[in-house]
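Working notes, structure below.
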Amino acid sequence: NLVMDDVMVLTAGYQIPADAVVIDGEVAVNESLLTGESDDIVKKTGDELFSGSFVVYGKCYANVTKVGAESYAAKLTMKAKAIRVGEQSEILRSLNSFVKLAGIAIIPIGIIMFGQQYFLHSATAKVSIQAMVAAIMGMIPEGLFLLASVTLVLSAVRLAQKKVLVHDMKCIETLARVDVLCVDKTGTITSDRMNVEQIQRIVGEDDGDILPDQFEQLLKKVVAEQSGDNETMRALKRYFEKSEESVEEDNALSNLTGEVIRVLGFSSKYKYSGICFKKKTLVVGAPEFVLGDDFKKYAKTFNQFTEKGYRALVFGEYQGQLSGKKEKTEMALTEKVRPLLVIVLSNEIRKTAPATFAYFKEQGVKIKVISGDNARTVSEVAKMAGVEGAEDYIDISTVKDAKEFKAAVLKYTVFGRVKPEEKLKMVKILKAAGRTVAMTGDGVNDVLALKEADCSVAMASGSQAAVQASQLVLLESDFARMPAIVKEGRQVVNNLERSGSLFLVKNIFSFIAAILSISFGMIYPLLPTQVSLVTMFTIGIPSFFLAQIPNQNLIKGNFILNVLSKAAPAAMTNVVVVWTLVFVARALHIGQVELGMLCVLVWEVVGLVYLYRICRPFDNIWKKLIVGGCGFGMIFCMIFLQDLFGVTFNISYLGWIVFAITASLVLPAMVFFEKLLAVIYFKFFIGFVQEKIIEKKIFRKH
């Protein structure tokens, strides 16, 4: 909706939608999406703003200079939420690989089958094509992609009903596999609202020309000039809103400070905000950063509060100047700060936090609390919230060496004084260590880490930038929704594994059956319509309903290996019983039509037995209805829709005997192949992998 010469009001957290020039105010912007550099750049009147960057702090009015195709927005406006476009979930990646393999295999197999039956067996073109299509149809998991897509869509709908917005459907699966969850203190463990508990004077050696009674009045004056674009400043504004000053006091303060020259919004890099008056520069911020080397002198004053879980800030007078032109893009405090007041703030712990963290502990998910606040304070709050290992904390600003930084990320649970670029490094280190990382955030400073994480979750109450960059958005900003999302993801993955195995039973059987048909020079015994009948009631219908049943089991192993390990015993059983039936029927001179019908019946028995086994335990009525309904539906179609599916019960007495004997082998054969494959897997495959790992000297006890 923006056009040339419009004036935009930009505040902290907003993505700049069009190129513009600052005409009033001051902001710091993050241009990492344009330059790759995460440093904050201060923009004053006359400076240019580029679309695609984010406002980190401050407030300004900007005149739009470029729109449409000429603007950066035309090219980069979607980058904040375009999270690794093209990267697929493990499920879809596995399905793609399987379909590629099947797609390559069906071409030569189809050509050979048609040629063999048309030329060698002198079958008609119709019979040859039907046999070829029946074999090829069975080799393609034609409904599996549809099932996966529909299941993910329905999952997204269910999450929306729980006030969770899904930006990228693959994150539903990814979050279910997460083993490290990075969270912030404020907004996650504690509520967003912050309160000022008390303001206490710091007794210094020299308070200069400022009288002790004027300390709080000066703080109030600084707070009044700030924009209130962060919760700390909003808490201070609420604290001072009822206090009043006399005209004499106001005049005295004005004489002491002079007029306002520059307003310094909060900087996540330097951890303070302040005001440059004509006569004085006053700052409010984290004592470790603001006081620098002098912090040790006042450590006890601040620690008495941080040890109880409070957040302590310092208000002081800066001995230098930050308003000169040389400091246009710099807020570094190069001179000393004379501390005047300690500001004690608190966040109440969310009532749902302990239960949420207890759930993740049970699920084996490691929590990493990453915050810009004092490490001891964050540790105490995390303990009260029930975060496992919260006593292991570190002030990340004290870590200088890259090797030490990496070791700290892997060792500690709570991290204090973390800068935005360090959050990104931490996520990269955890991913490099083989962890699946989820990141929660609500600020523009979290954007880079959110984009890097395997799964990113934003609070809707947070900045526009964080919401755009995340895969999941908690619309009510309630972290307690996270267990529900994990459960939803587990339902999707576990049920797709179970349903996928139904499809692969048919695929594996059809592939082996086609190879055997070619090898022994026999006409494929089944028709395409018969294959459709069997797959409808043993794969298509049950797989859809099974995918919607709640399933909160832990996700283990690789998706495609899990599916293959479940499907292989039933597929091998199908091959054995069907081809036993084929060879017996051939020896007893049973006709081709009757043989096809017997193969359909045996395949149905295998399908229903396997469906029964994967539905166990029957812990709800839906599983019983699925098995019973599919069995009934199959019988109904075979009796009343014989012409449609090409089936008949015109079977000889001998044929029924052969079918009964063959069908009785189904369950024993399936159990045998399950045990055989388990032995092969554990004794040979696992042993081989461990041997290779030991050879490469990367084997670990776990």
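Quick one, can you get me the convex hull of the C-alpha atoms of region 388-494 expressed as volume per residue in Å³?
Working: hull volume 12.4 nm³, N = 107.
Given the Cα convex hull of region 388-494, per-residue volume reads 116 Å³.
Run the numbers for ASP213 and MET4: contour at 0.36 nm per residue of separation, minus the present Cα-Cα distance, in nm.
Between ASP213 and MET4, full extension yields 70.1 nm more.
Residue-wise HN-Hα couplings along region 633-650, as the Karplus relation 6.51 cos²θ - 1.76 cosθ + 1.60 with θ = phi - 60° gives them from phi, are x, 5, 5, 4, 5, 5, 8, 9, 10, 4, 5, 5, 9, x, 10, 7, 9, 7 Hz; Gly and Pro carry x. The distance linking region 1-29 with region 369-433 is 34 Å (Cα centroid to Cα centroid, whole angstrom).
This structure gives Rg and Dmax of the Cα atoms in Å, computed directly, and of [x] 26.2, 82; [y] 26.8, 94; [z] 34.0, 117 that value is listed as [z].
Shown is the FRET efficiency for THR301 and GLU388, computed with R0 = 41 Å from the Cβ-Cβ distance and rounded to the nearest 0.05: 0.85. Under 5 Å from the amide H of LYS336 lie the amide H atoms of GLN319, each residue being 5 or more positions distant or on a separate chain, with H modelled from the backbone and absent for Pro and chain starts. Projecting the Cα atoms of VAL314, PHE277, GLY292 onto the dipole axis of region 266-322, where Lys and Arg carry +1 and Asp and Glu carry -1 at the beta carbon, places PHE277 farthest toward the positive end. Spatial offset of region 129-186 relative to region 599-635 amounts to 24 Å, using the alpha carbon center of each. Ordering LEU253, HIS121, MET139 by Cα displacement along the dipole of region 120-257 toward the positive end leaves HIS121 in first place; charges were set at the Cβ atoms of Lys, Arg (+1) and Asp, Glu (-1).
Work out the FRET efficiency for ILE111 and ASP643 from their Cβ-Cβ distance, taking R0 = 25 Å, and round it to the nearest 0.05. Numbers along the way, then the final one.
Numbers: r = 31 Å, r/R0 = 1.23.
Efficiency for this residue pair is about 0.20.
Ordering MET459, MET331, GLN304 by Cα displacement along the dipole of the chain toward the positive end leaves MET459 in first place; charges were set at the Cβ atoms of Lys, Arg (+1) and Asp, Glu (-1). Basic side chains Lys and Arg get +1 at the Cβ, acidic Asp and Glu get -1 at the Cβ, and with that the dipole of the chain about its Cα centre reaches some 2760 debye.
Convex hull of alpha carbon positions in region 212-272: directionally averaged projected area 4.8 nm².
Spatial offset of region 225-288 relative to region 497-565 amounts to 69 Å, using the alpha carbon center of each. Estimated at 0.36 nm per residue, the fully extended path between THR398 and LEU120 surpasses their Cα-Cα distance by 92.0 nm. Between SER97 and PHE405, the contour length at 0.36 nm per residue exceeds the alpha carbon distance by 107.1 nm. Working from label points 7 Å from Cα in the Cα-to-Cβ sense, the ALA587 to ALA224 distance is 10.4 nm. Kirkwood Rh over alpha-carbon pairs of region 422-580, then Stokes-Einstein at 10 °C and 1.306 mPa s: what D in µm² s⁻¹, rounded to an integer? Rounded, D is 83 µm²/s.
Solvent-accessible area of the chain (1.4 angstrom probe, protein heavy atoms only): carbon and sulfur portion equals 59 percent. For the listed peptides 120-128, 453-461, a ranking on the average number of other beta carbons within 10 Å per residue, highest first, reads 453-461, 120-128.
R0 = 22 Å: FRET efficiency of LYS279 with LYS336, Cβ-based, nearest 0.05? Spell out each step's value before the answer.
Values: r = 17 Å, r/R0 = 0.79.
That gives a FRET efficiency of 0.80.
Charges at C-beta only: +1 for Lys and Arg, -1 for Asp and Glu. How large is the resulting dipole of region 103-249 about its Cα centre, in Debye rounded to 20? Before the final figure, lay out the partial values.
Numbers: 15 positive and 21 negative charges, 401 e Å.
Dipole about the Cα centre, nearest 20: 1920 debye.
The values are calculated or read from the model by the stated rules, or taken from the named source; none is laboratory data. Values in this document were obtained by computation on a predicted structure and should not be read as measured data. Heads up, the Cβs are rebuilt from the backbone with ideal geometry, glycines too, and the neighbour counts pull from every protein chain shown. Note: areas computed on protein heavy atoms with side chains; ligands, DNA, RNA excluded. Shrake-Rupley method; radii C 1.70, N 1.55, O 1.52, S 1.80 Å.
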